[in-house]
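The block underneath contains the structure these notes are about, expressed in structure tokens.
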Amino acid sequence: MTNPSDPSGKARRAFLGRLGGAAAACTGALVGAGSLGTVQGAPQGKEHPAAAGSLPMKDYDWTKHRWAFGVDATKCIGCLRCVEACKRENDVPGTAHHFRTWVERYVYLEGEERARIDSHQDPVNIAASGSEREYRFANRYQDAKVEKAFFVPKLCNQCTHPACVQVCPVGATYQTEDGVVLIDHNYCIGCRYCVQACPYGARLFNEDRGVSDKCTWCYHRITKGQQPACVEVCPVGARVFGDLKDRQSPISLFIRNNRVQVLKPETGNAPNVYYVGIDKEVS
Amino acid sequence: MPKHISRLLLLLAGFFAAALAAKWYFTADTFYQYGHYRGKSVAEIAAQEPVYQTPSYCEACHGERHAQWSANNHKSVSCEICHGAAQGHPEKGKLPIPADTRKLCTLCHERMPGRPRTQPQIELAQHSSGQQCIVCHNPHAPKLAGVVARVAGDAAAGATTHAARCATCHGKDGISPNDTWPNLAGQHAAYLMGILAAYKSGAQTDVMMSPIAQTLSDAEIQNLATYYGSLRCEAAPRKSRLGDAAAGKSLAQNCAACHGDAGISSNPAWPSIAGQAPDYLVNALKAFRAGLRKDPMMAGVTRGLSDTDIANLAAYYAAQKCRPPAAQGKGTP
């Protein structure tokens, strides 16, 4: 690496020093040009909004919450009411292939090593429901020899280090202070980088509007003190939602009282949906 | 400075100024307010109106239903799962009452690999022979087993009470001599307990029965129910002058799940109705239809019946033997 003619590397250091000086001068010029008023509003780090005392919403302090979600797969009965409620609540396009949350069915048949996996948009399940706007699991394994089977509800993990936010070229998707990843539909250019970047396949593309779309944990409900629609309608309590900053919230108790796991921890996204009762096949 | 260099610098400065101006012009006002995004969009997203309300929203007007629902097994199933999202209701009209309950209820209750064992599940093919679920189950209070009362009375003491208080109308042997009143011999004791207790408490009212039942003690009710349950029904099948038994038979398929194919109920919670007087059956069905006799299940199934239907049904059940050929152990459950 070092220059053989100058083992000490002094020449290079000097050069870098001069370069740094030039860069500083340029920055100075830029700040001078700042009379145009372009970069003065730039944030001085994450604590800026709270320090400035400005909140995006009047009745809701997003610095006082940190939302998280729990899924108890041992309780899920696969009724798909969550899928229906989500579509209706958030006006997700009508086909079976557009959804913000979904439920996967894992079935291990006798003598088979890998699980058979299907979800509501499987043609067999669409046929069973009779419509792309109604959701039900076909009873396709009732006569088969089933060794093990279970349902796993899935949705956006609202990662602490979201890959989808990192790849957005225009700043249309972002993470809120209370830990939810949102999309600014007025700013999204529809490039779909985020759809590809998500390791969980949680994002979808809304062809009608030409923008990416995703689960928001019903941000419009949780900021009003309500539960997300899917949690509200789950008849068996398989979906749990709450505030990590409240030690007695349902999600804090769920994490404390169960051996929870997250999906694909190796990606480094630090997801915030905690699962109970799934096995290694689920990712 | 050579001319070509200064021109180049001037050109670069021009580009730089143009870029800054473009950035200033195209960047939204609140971009960078909280981070690398448009700060106003947070409030815009949060301003969306919730579509799903909560059961407490429904309670404001449907308090009675809400009370029944919240005291029973379906209390974890929110109103809007079956009736749809309540946004805009009641201003924009009624919410649907699900028509096809076999389709709706089986979303959760069809036996399916993967469902937890604690979830109540049915084999669709072997359950209810194609009838709608609400024929037997009240969706707001779905459990049936709870209504079967335990009966442990003294039949001999019951016989004494019967002779003193009931025999005039319901007959010496529990077979009523009059078409207006039901036979009681061989009736399920659990059903009799329930209906007598209801007359006593006022949950069910009848000009004749209410005053009588109010003077009965709980022990006497137990004894009477045990006594009637222990009798053999010897009533002869009756012919109706009002209805057509053959037409009634096809209608009776809708009743079979609870009252048995030929009017002998297999569940002690529900009465056997074979061999009762046709006039009594007609009156009873009309009372259910009019809401005079209160029963959520019977109110539902009689709602669609015409007077002719009722007469035909009564004719069918009156014509059935009240004691099946293979005498079964009716009575206490």
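The values are calculated or read from the model by the stated rules, or taken from the named source; none is laboratory data. Being a predicted model, the structure only gives us computed values, none of them experimental. When we count neighbours, we look across all protein chains shown, and the Cβ atoms used for this are built from the backbone with ideal geometry, even at glycine.
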Within segment A:243-253, can you find the residues that are more than 19 Å from A:Arg221 (Cβ to Cβ) and not charged (D, E, K, R)? A:Gln248, A:Ser252, A:Leu253
Would you say B:Gln187 is in contact (Cβ under 8 Å) with a residue 40 or more places away in the chain and either small (Gly, Ala, Ser) or in contact with a Pro (Cβ under 8 Å, 6 or more places away or on another chain) (or both)? yes
Residue tally, condition more than 11 Å from B:Tyr316 (Cα to Cα) and either touching a Ser or Thr at 6+ places or on another chain (Cβ under 7 Å) or part of a loop (DSSP other than H, G, I, E, B) (or both), over segment B:243-260: 5
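Give A:Tyr187, A:Tyr174, A:Tyr200 a once-over and let me know the one that is free of Cβ contacts under 8 Å to residues at least 24 places away in the same chain and assigned to a loop (DSSP other than H, G, I, E, B).
Of A:Tyr187, A:Tyr174, A:Tyr200, the one residue that is free of Cβ contacts under 8 Å to residues at least 24 places away in the same chain and assigned to a loop (DSSP other than H, G, I, E, B) is A:Tyr187.
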Total residues in segment A:153-177, condition over 10 Å from the mean Cα position of the chain (by Cα) and at the interface with chain B (Cβ under 10 Å from one of its Cβ atoms): 8
Filter result for B:Gly229 (buried (at least 21 other Cβ atoms within 10 Å of the Cβ), in a helix (DSSP H, G or I) and either basic (Lys, Arg) or modelled with pLDDT under 90 (or both)): yes
Qualifying residue in segment B:205-220 (condition: among the small types (Gly, Ala, Ser) and buried (at least 21 other Cβ atoms within 10 Å of the Cβ)): yes
Return only the number of the condition from (1) in contact with a Ser or Thr (Cβ under 8 Å, 6 or more places away or on another chain); (2) without any contact (Cβ under 8 Å) to a residue 40 or more places away in the chain that A:Glu232 does not satisfy. (2)
Please find, among A:Cys188, A:Cys156, the residue that is under 30 Å from B:Gln53 (Cβ atoms) and touching a Gly at 6+ places or on another chain (Cβ under 9 Å). A:Cys188
Can you find, within segment A:239-283, the residue that is farthest from the other protein chains (Cβ to nearest Cβ) among those that are farther than 16 Å from A:His65 by Cβ and part of a helix (DSSP H, G or I)? A:Glu266
Output the number of the condition that B:Ala86 fails; it satisfies all remaining conditions of (1) within 12 Å of chain A (Cβ to nearest Cβ); (2) surrounded by fewer than 10 Cβ atoms within 10 Å (Cβ to Cβ). (2)
Determine whether segment A:32-55 contains at least one residue that is within 12 Å of chain B (Cβ to nearest Cβ), at pLDDT 65 or above and either touching a helix residue (DSSP H, G or I) at 6+ places or on another chain (Cβ under 7 Å) or surrounded by fewer than 11 Cβ atoms within 10 Å (Cβ to Cβ) (or both). yes
Suppose we filter A:Gly111, A:Gly94, A:Gly78 for residues that are modelled with pLDDT under 95 and either on the phi > 0 side of the Ramachandran plot or touching a helix residue (DSSP H, G or I) at 6+ places or on another chain (Cβ under 7 Å) (or both); which single one remains? A:Gly111
Candidates B:Gly174, B:Gly202, B:Gly186 - the one that is farther than 16 Å from B:Thr161 by Cα, out of contact with any Asp or Glu (no Cβ under 7 Å at 6 or more places or on another chain) and crowded, with 18+ Cβ neighbours inside 10 Å: B:Gly186
Is it the case, given these coordinates, that B:Gly35 is at pLDDT 95 or above, more than 29 Å from the chain's Cα centre (by Cα) and either over 25 Å from A:Gly78 (Cβ atoms) or exposed (fewer than 12 other Cβ atoms within 10 Å of the Cβ) (or both)? no
Report the residue count in segment B:90-144 for those that are under 17 Å from B:Met297 (Cα atoms), among the basic types (Lys, Arg) and at pLDDT 90 or above. 1
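Surrounded by 14 or more Cβ atoms within 10 Å (Cβ to Cβ) and under 23 Å from B:Ser176 (Cα atoms), is that true of B:Leu251?
Taking the combined requirement at face value, the residue does not satisfy it.
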Does any residue of segment B:100-108 turn out to be touching a strand residue (DSSP E or B) at 6+ places or on another chain (Cβ under 8 Å), within 13 Å of chain A (Cβ to nearest Cβ) and over 18 Å from B:Asn254 (Cβ atoms)? yes
For segment A:58-149, which strands (runs of 3 or more DSSP E) that fit wholly inside it have 3 or more residues that are within 12 Å of another protein chain (Cβ to nearest Cβ) and either hydroxyl-bearing (Ser, Thr, Tyr) or touching a Phe, Trp or Tyr at 6+ places or on another chain (Cβ under 7 Å) (or both)? A:102-109
Any hit, segment B:308-331, residues being under 20 Å from B:Asn138 (Cβ atoms) and at pLDDT 85 or above: no
Matching entry among B:Ala314, B:Ala287, B:Ala274 (being in contact (Cβ under 8 Å) with a residue 24 or more places away in the chain, among the hydrophobic types (A, V, I, L, M, F, W, C) and in a helix (DSSP H, G or I)): B:Ala314
Can you list the helices (runs of 4 or more DSSP H) lying wholly within segment B:1-81 that have 3 or more residues being at the interface with another protein chain (Cβ under 7 Å from one of its Cβ atoms) and over 26 Å from A:Lys87 (Cβ atoms)? B:3-26
Mind listing whichever residues of segment A:195-238 are aromatic (Phe, Trp, Tyr) and more than 12 Å from chain B (Cβ to nearest Cβ)? A:Tyr200, A:Phe205
